[in-house]
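Readers should treat all values here as calculations from the given coordinates under stated rules, not as data from a laboratory. Keep in mind the model is a prediction, meaning the values are calculated, not measured. Positions of Cβ are backbone-derived with ideal geometry, glycine not excepted, and every protein chain shown enters the neighbour counts.
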Amino acid sequence: MSDHAPNGDASAPHQLTIRLCGPRGFCAGVDRAIQIVVLALKKYGAPVYVRHEIVHNRYVVEGLQARGAVFIEELHEIPTEHRQCPVVFSAHGVPKSVPADAEARNLFYLDATCPLVSKVHKQAMRHQRLGRHVVLIGHAGHPEVIGTMGQLPEGSVSIVETEEDAARLQRPGEGELGFVTQTTLSVDDTAGVIRALQERFPDIIAPAAESICYATTNRQDAVKQAAPGTDLFLIVGAPNSSNSKRLVEVALKAGADRSLLVQRADDIPWHEIAANAVIGLSAGASAPEIIVEEIVEGFRERFATQLELAITVEETENFPVMRDLRDVELTNADMAFLNGSA
Ligand code: SF4
C-alpha cells in the first residue's frame, strides 16, 4: 500500500471504496450455539459452564461471560457444589468420551455441536461401520478434528492436511478407505487434497454428501467474487477461527493485493491505507456484525467512503435449539446480542 496517510480532512475527504461481502458473519450453527448459552442462562440462572470457547470469537465469549457463563477446558474444572449447573459443549463438537465423562460425573449437559459437524461425525462412523479406515482431511489439533476423531476407536482415523500428506499416506492393512473433511476448510485446497488421495487410492470412498458446510462455501464464494482489484481485504475473525483464516487465503488467491485477519477496528493499520483504495470486507462465521459496523464506521470517519455490496446468495438456514429451551422468553437486548448487533 502507499505512503499516504489521510486523516479525515473534512474539507476535502479522500475517497475510498469498501466492497462488503454477503453472506458474512454468523452462520446457523454459531447462532444456535450462542442461543443455547443465552437461553440456558435465562432458564437455569448463572453460572452456566461452557466447555471450550463456544465459538472462536473473543467479543462473543466476553459478552457471554458478562451474562454469567463460565468457560472451562475440561469437565473436572466444574466445582463439586456447581454440579447441578448446566454445562454446554461447543459448536465444534466433542469426542464421545466427553458426554460419557459428563454422565459419569452426573452433570447436566447441553450439546451445542453444530448439526453439520454432527453430520460429519455420522459420515465418519458410517465408513468405520462398513469396515473402512477413515481419512480425515483437516487441521490436526483443531477442536472439530479432535471431536470427529473421538467418535471412532483409536487407530481408525488418519489425518491428512495437504496434498503432500495425501501422497505420502500409507494404507493401514488391506481394507477399504473412506474420507471425510473438516467443515471449515478451503473449498479449492480441499478439492486438490481429494484429487491427490484419489490418485493414490483410486478406490477411496467419498462421504454420501459434501462435508464442507454451506456457510464456509458461501463466505468463500463471496470473497472470491469481491477480491479481484482490492488493495486490502479485511476479514473479521479470531486467529484460532479456521473458517476466518481460510477467507484470508481465499482473498489472496482470488487477487487481493493484501489480506488481513482483524478482531476489531483497532487492529487495522490505518496509516497504511491510501486514498482511493478499494477495501474488501467480510467476516468469518463466528464474528458478530457489530464489529463489521465498527470497521465501516472507522473508514467513514477517515474517508469519504463508498459502500459496494458483493452479495452472492441469501442464506435461510436456521438450526433450532433443543426443545427444553424453546419456551424461554428473550428481551430485545438478548435478541440484539444474539443477532450480533449488540
Ligand atoms: S461454520 Fe458450518 S459447521 Fe461450523 S458452525 Fe457454522 S454452519 Fe456449522
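The table below lists the values:
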| item | result |
| --- | --- |
| Placed amide H near residue 181: partners under 5 Å, 5+ positions off or other chain | 137, 211 |
| Residue (of 26, 179, 220) at the positive-pole extreme of the chain, dipole from beta-carbon charges | 179 |
| For the chain, size of Cβ-based charge dipole, Lys and Arg +1, Asp and Glu -1, in debye | 800 debye |
| Long-range amide H partners of residue 108 with built H, under 5 Å | 87 |
| Calculated FRET efficiency for the pair residue 253/residue 106, C-beta based, R₀ 51 Å, to 0.05 | 0.55 |
| Fewest-first sequence of 203, 31 by Cβ atoms within 10 Å of each Cβ | 203, 31 |
| Among 254, 283, 238, residue whose mean-square fluctuation peaks in a GNM of the chain (springs only between Cα atoms under 10 Å) | 254 |
| Listed residues 310, 321, 275: farthest to the positive end of the dipole of the chain (Cβ charges) | 321 |
| Calculated diffusion of the range 66-223, Stokes-Einstein form, Kirkwood radius summed over Cα pairs, 25 °C and 0.890 mPa s, µm²/s | 145 µm²/s |
| Taking the range 59-134 and dividing mean pair separation by its residue count, relative contact order in percent (alpha carbons under 8 Å, at least six apart) | 26 percent |
| Stokes-Einstein diffusion coefficient of the chain, Kirkwood radius over Cα pairs, 20 °C, 1.002 mPa s, in µm²/s | 100 µm²/s |
| Volume of the Cα convex hull of the range 178-321, divided per residue and given in Å³ | 135 Å³ |
| Amide hydrogen neighbours beyond the local backbone of residue 70, cut-off 5 Å, H modeled | 48, 49, 50 |
| Shape call, the range 119-200: gyration tensor on alpha carbons, a/c limit 1.5 | oblate |
